[in-house]
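See below for the structure under consideration.
The values are calculated or read from the model by the stated rules, or taken from the named source; none is laboratory data. Note that this is a predicted model, so its numbers are computed, not measured. Cβ coordinates were reconstructed from backbone atoms using ideal geometry, including for glycine residues, and neighbour counts include every protein chain displayed.
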């Protein structure tokens, strides 16, 4: 149960959140991905539904996020690559300084992973799970669905190459 606490999960020791609680992630490594910069590849086969890794970073509030975005826009006017993941309307993850290998996972409109917030003993954690079987050596991806400032929307061009590519990494449901 992805919303359950590991200590009282209805499925007991079979609880999938225990791997997240114990940080039992798939073996992965960063690697250059042609035309897309750094990416993250698996060093072993990953089965559908398995935990791949956890997305971590510094948890910041909405006010801090807006301040950081404004500073970034001034210092890097032509670079939209400021990645802040939304946890809710109030809380966000900034993975620039505090992070793990998950920061290398690229976007795809047809991803092989999804990100799910999970309650692990009272703390919300962000597990990245396999949407399908993933072969050893395959690049990992999930759908970023960026929420962007209006002035930056045209800068988030998607290069995933999927037949179902939306052409953008932004959230079209806005």
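How many residues, within segment 98-136, are touching a residue at least 40 places away in the same chain (Cβ under 8 Å), at negative phi and not in a strand (DSSP E or B)?
16
For segment 21-61, which positions are free of Cβ contacts under 8 Å to residues at least 60 places away in the same chain, surrounded by 12 or more Cβ atoms within 10 Å (Cβ to Cβ) and outside any loop (DSSP other than H, G, I, E, B)?
58, 59, 60
Any chance you could count how many residues in segment 79-89 are surrounded by fewer than 13 Cβ atoms within 10 Å (Cβ to Cβ) and in contact (Cβ under 8 Å) with a residue 24 or more places away in the chain?
Matching residues across segment 79-89 total 1.
Mind listing just one residue for me: the one in segment 8-63 that is touching a helix residue (DSSP H, G or I) at 6+ places or on another chain (Cβ under 6 Å) and more than 21 Å from residue 141 (Cβ to Cβ) and, of those, modelled with the highest pLDDT?
Selected residue: 21.
Would it be correct to say that residue 66 is closer than 17 Å to residue 95 by Cα, free of Cβ contacts under 8 Å to residues at least 12 places away in the same chain and either surrounded by fewer than 16 Cβ atoms within 10 Å (Cβ to Cβ) or in contact with a strand residue (DSSP E or B) (Cβ under 7 Å, 6 or more places away or on another chain) (or both)?
Working: closer than 17 Å to residue 95 by Cα: yes; free of Cβ contacts under 8 Å to residues at least 12 places away in the same chain: yes; either surrounded by fewer than 16 Cβ atoms within 10 Å (Cβ to Cβ) or in contact with a strand residue (DSSP E or B) (Cβ under 7 Å, 6 or more places away or on another chain) (or both): yes.
Yes; evaluated as a whole, the condition is true for this residue.
Assuming residue 92 fulfils every condition listed in (1) in a strand (DSSP E or B); (2) buried (at least 17 other Cβ atoms within 10 Å of the Cβ); (3) in contact (Cβ under 8 Å) with a residue 40 or more places away in the chain apart from one, which condition is it?
Evaluating residue 92 over (1) in a strand (DSSP E or B); (2) buried (at least 17 other Cβ atoms within 10 Å of the Cβ); (3) in contact (Cβ under 8 Å) with a residue 40 or more places away in the chain leaves (3) as the failure.
Considering only segment 96-107, state which residues are within 17 Å of residue 143 (Cβ to Cβ) and either loosely packed, with under 13 Cβ neighbours inside 10 Å or at pLDDT below 85 (or both).
Within segment 96-107, none qualify.
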